[in-house]
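Read the structure below first, then the notes.
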């Protein structure tokens, strides 16, 4: 027995027409789709970001340090790269840098870019910094210049 | 963004050169700030320049009171040189000093402190409380030198006063396991222990005393020397043991 004869001929015809239309559409617009994908990829690497004006905090028994930046990108669930006008701010000090890696889980941060620390009567210029122990310890790396103003 | 840029430029330009009242610190390998413990560590080729002092060392631990600018105590290590605006020059392996009470402790080999006309040296410890004028020089080759007196021992302690910008030793105690040595312009003295009091102008020598003045050599157990007229009394504690005077002739 020929099973093909049991199929609804009109349904088969509709399916074939639909398949042909889809194939034609794909054939004519595929170049455009791929070119757009490339543009999108470039945009991610240069200008896009995961968070605009991200804000985080580091808390310890003595103070709360707020962290702000112009943009942030998640490297994974806990690690974020903060870029452009990164500012660490507490009641006692501020640290300015252009790029900082922040670990949300361990409440640590480090930068290898030029950094400026400012607190009452104190300015520190360094080639990067590292915050550990929930902000109790701040290490300024490389050639460092400190000016005590009082 | 522009605001931030202006702030950074302002502070960058303001630290290019030190002004009066400011302290400038530079390091080759950074600084570690311990906020809870209230101190910071300065690492490698450290230089601190302020109105009151200049310090060079390889490792410096600076304690602060209110904030980082308010340094109360400095502990420094490795080839330390400290110069103060009051004329102190200290050198040693390790120098600790308090900026509040102006006390300086120098430890290690070739520890030295020069304060205008006073020179102190030891292979172990030199300690000076500049406000009170107290000092201790302890250890091998302990030495104190002024314009008028030169002392060697294993322990030298006393105090000095500044009169008309000249430092003078006011009180002094010297001891040595073997023999301490005190030299003035005309007298060379040896003993295990010695006391000096500027007010009375008296040097007292105890145990194994030997006094050399010109061609005279006097040996005894105790000596009392008047530094003004350079007269002296020497006695022996034991009646069997007498004071010995040796007079040598010069070939003239």
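Some observations on this one:
- The lone exception for residue B:144 - which of (1) within 18 Å of the chain's Cα centre (by Cα); (2) touching a residue at least 40 places away in the same chain (Cβ under 8 Å) it fails: (2)
- If you check A:95, A:65, A:131 for being without any contact (Cβ under 8 Å) to a residue 60 or more places away in the chain and either crowded, with 17+ Cβ neighbours inside 10 Å or within 25 Å of residue B:24 (Cα to Cα) (or both), only one passes: A:95.
- Comparison of B:11, B:97, B:5 shows that the only residue that is modelled with pLDDT under 95 and in a strand (DSSP E or B) is B:97.
- Of all residues in region A:136-150, those that are touching a residue at least 40 places away in the same chain (Cβ under 8 Å) have Cβ atoms under 6 Å from Cβ atoms of residues that are crowded, with 18+ Cβ neighbours inside 10 Å, 6 or more apart or on another chain, in A:136/B:35; A:138/A:131; A:138/B:33.
- Unique match (being modelled with pLDDT under 95, in the same structural domain as residue B:159 (by TED's automatic domain parsing) and on the phi < 0 side of the Ramachandran plot) among B:146, B:105: B:146
- Checked against (1) at pLDDT below 80; (2) within 18 Å of the chain's Cα centre (by Cα); (3) not in a helix (DSSP H, G or I), residue A:1 meets all criteria but (2).
- Residues in region B:218-234 that are surrounded by fewer than 16 Cβ atoms within 10 Å (Cβ to Cβ) and in contact (Cβ under 8 Å) with a residue 24 or more places away in the chain: B:226, B:228, B:230.
The values are calculated or read from the model by the stated rules, or taken from the named source; none is laboratory data. Computed from a prediction, not measured in an experiment: that's the story for all the values here. Virtual Cβ from ideal backbone geometry, glycine too; neighbours counted across all protein chains shown.
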